[in-house]
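In what follows, a structure is listed as structure tokens, so that the remarks can point back to it.
The values are calculated or read from the model by the stated rules, or taken from the named source; none is laboratory data. Since the structure is predicted, the reported quantities are computational estimates derived from the model, not experimental observations. With ideal geometry, Cβ positions are generated from the backbone for all residues, glycine too; neighbour counts draw on all protein chains shown.
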Amino acid sequence: MFLRVLGLSASIAGSLVSAAWADAPAGGYAFGAPAQASQADRTVEIVLGDMFYRPAAVEVKAGETLRFVLKNEGSLLHEFNLGDAAMHARHQQEMLKMQQSGMLTPTGMKQGTAEHGQMAGMDHGAMPHGGMTHDDPNSVLVPPGQTAELTWTFKEATGLEFACNVPGHYQAGMVGRVVVQPR
Ligand SMILES: [Cu+2]
């Protein structure tokens, strides 16, 4: 699996990443937008484990704002990322590069330290935001033993998933479904 991921040429992976991230911030996300916790209609608690979510499915109504409280009870760093399967596949490529650069460790992210130095030799053109960061509004990283939050207003969508894109985790089963009911 690892080799298969690496086998994707950097240029193909890079262009997919660029295309995805060029779209997202400007045009927003097709399935909704981030919101303030104070605007939430309700709170949903999700436990992150090694390698699962509990519960593994959430139902929302289109237009509803959910505050996710994300408790990592596992021993590894995990992610909660909202998107469809194709978005997750692209984000897994980014996180693989972060892992290879030493920025992403099994238990945490060295945010901001890998921008230069460790990043030398990486293809900056392929990176979102011109540098390697993990600050997308549809995603949060939760270190082991910690709790994080993400609040999102959902639009009508199909095939929406919450997933952990730390390399290998999605493939190990760390993915859940968001079922959006039309209003
Ligand atoms: Cu994970």
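Any idea how many residues of the range 138-155 are within 16 Å of the ligand (Cβ to nearest atom) and among the hydroxyl-bearing types (Ser, Thr, Tyr)? So the answer is 2.
Remark: pairs (first residue in the range 156-180, within 11 Å of the ligand (Cβ to nearest atom); second residue of a type in the set (D, E, K, R); Cβ separation under 7 Å; 6+ apart in sequence or on different chains) = Cys164/Glu79; Asn165/Glu79; Val166/Glu79; Val175/Glu161.
Among the residues of the range 50-83, the ones that are near the ligand (Cβ under 9 Å from one of its atoms) and without any contact (Cβ under 8 Å) to a residue 60 or more places away in the chain come to 1 in all. Please work out if Ala120 is surrounded by 15 or more Cβ atoms within 10 Å (Cβ to Cβ), farther than 23 Å from Gly49 by Cα, modelled with pLDDT under 95 and not β-branched (Val, Ile, Thr). So Ala120 fails the test.
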